[in-house]
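Asks: There's a structure below that I have some questions on.
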Amino acid sequence: MKKNDYIQNLLEGRKFSIENAVVSAYAPSNIALCKYWGKRDIELNLPMTSSLSVSLAEMGTTTVLKVNDEQQDTIIYNGQQLDVSSEFTKRVIQFLDLFRQQQEIYFEMNTQNTLPQSAGFASSASGYAALMQAIDLLCDWHLSDKQLSLLARLGSGSASRSLWHGFVEWHQGVRDDGMDSYAEPLDDTWPEFCMGLILVCDQQKPISSRKAMQVTQATSPDYKTWPKQVACDLKKIKKAITFKDFTLLGETAEQNATTMHALMRDAKPAIIYSIPETLKMMDKVWELRKKGVEVYFTQDAGPNLKLIFRKQSLEKLQNIFPGMMVVEPFSEFITHE
Ligand code: PMV
C-alpha cells in the first residue's frame, strides 16, 4: 500500500512504541481563504492546487490520547463516547491503524472542540492535526512541523494547515510520492483581521466534503478551469496579505468560495450546501458593503458563512449578526504564545 510506504519513509526508522502514558495536544481550526477542492491522488490526499487559510486561534481541538485497557479503540467526542460503527469513528480508527501497524495496542482518544458542538463548524482539520501531534508525543518521535503536516494530511487534507496559527499555505507539490505536499506558515500578521462565524444550520452535511470533492472533479464541466483560478487567487491573496490590501483579500476570497460552490452546483448530481438562510446572509453582506461596511464572506462544505472583516467594523457587525462568534486570529493571546 502506497500509504504505508509513505509513512515509513517519513518516520525515518522511528518505531511505534509507547513512551508516554497519556498525552494532550491542541490544534486550531482553519478556514481557507483560497480553497482546496479536488485531489490529484486520493490515497495520499494530494491536492489539485495549493491553498491558503487562516487559523482560528483558540477555536480548535484538544485531544487527549492514552493506551486503552480494552481490546478496542474508544473514541470520546465532546464528552460522549461514540459508537464504533459511526463514520467519524471508522475514519479515526483507520488513521490510528496507519501508525500501530498490526500491533495489538488500542487507544482511548478523548477529543474536545472549543467550537460549540452544535455550531456545525466542527472541522476535521483541527481534529487530525491534534491527533497527529498526540501520536508524535505518545511515541516521543519529535517529528518536525513539516513532517506532522505531511502526516496529518492523510487524515484530512485541510489538517495539513492546522499545525500553526495565523496565515498558512499548503503547497500542492508535484511529486508522485507526496513528499512535497505540506503546509507552511506565512510570517505576516494582521492584528485588525477578524473572522465571524455565522451559524445558519447545525444539521449534519447532506454529503461529505470528501464525496462532494470527488463528484465535482469528475462531473462539473468547468472544473478544468479551477486550478488556473486558484493559482491566480492565491497570488492575489498573498499580495493582499503582504500589502495589507483588505479589499483585494476580501474580494478574492469571496469570489474563490462562490466559484467553488458554482462548480458544485454544476456537478451531476448537483451539490448545493446553501439553504435559504445562507443566501439571506449573503444578501446582508452585500447590502452592508453597498453602505460602506467592508465585510466579505467565505463558505465551505456546509450552509454556514464565515465573515471576513477588520476590527473597526466589529461593533456594527455584532449588531447586525447578534449570534456571530468572533475570532481574532492575530490577537495578543496568539502572537505571544
Ligand atoms: O480537508 P477536507 O477533506 O475536510 O476538505 C476541506 C474542504 C474545504 O473546507 C471546503 C476547503 C478547504 O480548503 O478547507
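Asks: Lys and Arg at +1, Asp and Glu at -1: add these up for the other residues within a Cβ distance under 14 Å of LYS291 and post the number.
Replies: Working: positive: LYS284, ARG289, LYS290, LYS316; negative: ASP283, GLU287, GLU294.
The answer is +1.
Asks: Next question. Just to confirm my numbers, what's the Cα centroid distance between region 1-63 and region 257-295 in Å?
Replies: 29
Asks: Please give the per residue volume of the convex hull enclosing the alpha carbon atoms of region 1-69, rounded to a whole number of Å³. Intermediate values should be presented prior to the final figure.
Replies: Numbers: hull volume 10.6 nm³, N = 69.
Per-residue hull volume (Cα only) is 153 Å³.
Asks: Per DSSP H run of at least 4 residues, take -39500 (n - 2.57); add these up for the chain, divide by its residues and hand me the 222 nm value, nearest 500 deg cm²/dmol. Before the final figure, lay out the partial values.
Replies: On the way: 10 runs with 125 residues, N = 337.
Taken over the chain, the calculation gives -11500 deg cm²/dmol.
Asks: Give the residue list of GluC sites (Glu not before Pro) in region 84-192 that are DSSP loop and have at most 10 other beta-carbon atoms within 10 angstrom.
Replies: Passing both the DSSP loop test and the Cβ count: GLU104.
Asks: Sorting MET109, MET264, MET48 on the 10 Å Cβ count, fewest up front, what's the list? Please report the intermediate quantities before stating the final value.
Replies: Details: MET109 25, MET264 22, MET48 18.
By the 10 Å Cβ count, ascending: MET48, MET264, MET109.
Asks: Set the Förster distance to 35 Å, then compute FRET efficiency between GLU58 and LYS268 from the Cβ-Cβ distance, nearest 0.05. Present the calculation step by step, with values, prior to reporting the outcome.
Replies: On the way: r = 41 Å, r/R0 = 1.17.
About 0.30, to the nearest 0.05.
Asks: Follow-up question, since we're still on this one. Calculate, for ASN4 and GLN255, the FRET efficiency according to 1/(1 + (r/R0)^6) with r their C-beta to C-beta distance and R0 45 Å; round to the nearest 0.05.
Replies: Working: r = 40 Å, r/R0 = 0.89.
It comes to 0.65.
Asks: Choose one answer from LEU96, LEU307, LEU82: the residue with the largest mean-square fluctuation in a GNM of the chain with alpha-carbon springs under 10 Å.
Replies: Greatest mean-square fluctuation among the candidates belongs to LEU82.
Asks: Here's something else I'd like to know. For VAL293, VAL174, VAL200, which order do you get if you count the other beta carbons within 10 Å of each Cβ and list the fewest first? Walk me through the numbers before you get to the answer.
Replies: Numbers: VAL293 15, VAL174 9, VAL200 18.
If I rank by nearby Cβ atoms, fewest first, I get VAL174, VAL293, VAL200.
Asks: May I pose another question? Starting from the amide H of GLU108, placed 1.01 Å from N in the peptide plane, find each other amide H under 5 Å away whose residue is 5 or more places distant or on another chain.
Replies: LYS66, VAL67, ASN68, THR74
Asks: Size of the dipole of the chain about the Cα centre, Lys and Arg at +1 and Asp and Glu at -1 on the beta carbon, nothing else charged, in debye to 20?
Replies: Values: 36 positive and 41 negative charges, 263 e Å.
The calculation lands at about 1260 debye.
Asks: Roughly how many nanometres apart are two label points built 7 Å out from the Cα toward the Cβ at ASP41 and ASP283?
Replies: 4.7
Asks: Between ASP180 and LYS290, with labels modelled 7 Å along Cα→Cβ, what's the label distance in nm to one decimal, could you check?
Replies: In this crude spin-label approximation the distance works out to 4.8 nm.
Asks: Trypsin sites (Lys or Arg not before Pro), restricted to region 215-262: which are DSSP loop and have at most 15 other Cβ atoms within 10 Å? Each step should come with its number before you reach the end.
Replies: On the way: sites: LYS224, LYS228, LYS235, LYS236, LYS238, LYS239, LYS244; in loops: LYS244.
Sites meeting the loop and neighbour criteria: LYS244.
Asks: Separate question: For LYS15 and ILE320, compute 0.36 nm times the residue count separating them, minus their Cα-Cα distance, and round to one decimal in nm.
Replies: The LYS15-ILE320 span can extend by a further 104.4 nm.
Asks: In nm, to one decimal, how far is the modelled label at HIS142 from the one at SER86, with both set 7 Å along Cα→Cβ?
Replies: Spacing of the two 7 Å Cα→Cβ label points: 3.7 nm.
Asks: Take every Cα pair under 8 Å in region 179-337 that's 6+ residues apart, average their separations, divide by the length, and report that relative contact order as a whole percent.
Replies: Values: 186 pairs, mean separation 63.7, N = 159.
It comes to 40 percent, rounded to a whole number.
Asks: Out of SER209, SER123, SER158, any idea which swings most in a Gaussian network model of the chain, alpha carbons joined below 10 Å?
Replies: SER209
Asks: Hey, with R₀ at 56 Å, roughly what FRET efficiency would ASN68 and LYS239 work out to, going by the Cβ-Cβ distance, to 0.05? Present the calculation step by step, with values, prior to reporting the outcome.
Replies: Numbers: r = 49 Å, r/R0 = 0.88.
Working from the Cβ atoms, E equals 0.70.
Asks: Along region 93-101, what does the Karplus equation 6.51 cos²θ - 1.76 cosθ + 1.60 (θ = phi - 60°) give for ³J(HN,Hα), rounded to whole Hz, x for Gly and Pro?
Replies: 5, 4, 5, 4, 4, 4, 9, 7, 6
Asks: For region 225-337, give the magnitude of the charge dipole about the Cα centre (Cβ charges: +1 Lys/Arg, -1 Asp/Glu; no others), in debye to the nearest 20. Don't skip to the answer; put the middle values down first.
Replies: On the way: 17 positive and 14 negative charges, 78 e Å.
Here region 225-337 has a charge dipole of around 380 debye.
Asks: Which residue, PHE99, TYR223, ASN110, has the largest displacement toward the positive end of the dipole of the chain when charges sit on each Cβ (Lys, Arg +1; Asp, Glu -1)?
Replies: TYR223
Asks: Using the eigenvalues of the Cα gyration tensor, what equivalent ellipsoid semi-axes result for region 180-279 when each is taken as the square root of five times the eigenvalue, whole Å, largest first? Write out the running numbers ahead of the final one.
Replies: Values: eigenvalues 143, 71, 35 Å².
Calculated on Cα positions only, the semi-axes equal 27, 19, 13 Å.
Asks: Also, quick follow-up: Net charge near LYS235: determine it from the other residues with C-beta under 13 Å of the C-beta of LYS235, scoring Lys and Arg +1 and Asp and Glu -1.
Replies: Working: positive: LYS228, LYS236, LYS238, LYS239; negative: GLU169, ASP233, ASP245.
Taking every other residue near LYS235 into account, the sum is +1.
Asks: Got a sec? How would ASP41, ASP136, ASP187 order by Cβ neighbour count within 10 Å, fewest to most? Intermediate values should be presented prior to the final figure.
Replies: Values: ASP41 15, ASP136 20, ASP187 9.
Fewest-to-most Cβ neighbours within 10 Å comes out as ASP187, ASP41, ASP136.
Asks: Restricting everything to alpha-carbon atoms, can you work out Rg to Rh for the chain with a Kirkwood hydrodynamic radius? Walk me through the numbers on the way to the answer.
Replies: Numbers: Rg = 19.6 Å, Rh = 20.5 Å.
That ratio is 0.96, to two decimals.
Asks: Could I ask something else about it? Restricting to lysine pairs 8 or more places apart or on different chains, what number in region 1-45 have Cα atoms under 23 Å apart? Display every interim value, and only then the final one.
Replies: On the way: LYS2/LYS15; LYS2/LYS39; LYS3/LYS15; LYS3/LYS39.
Taking the Cα cut-off of 23 Å, the pair count is 4.
Readers should treat all values here as calculations from the given coordinates under stated rules, not as data from a laboratory. Everything numeric here is computed off the predicted structure, so don't read it as measured data. Virtual Cβ from ideal backbone geometry, glycine too; neighbours counted across all protein chains shown.
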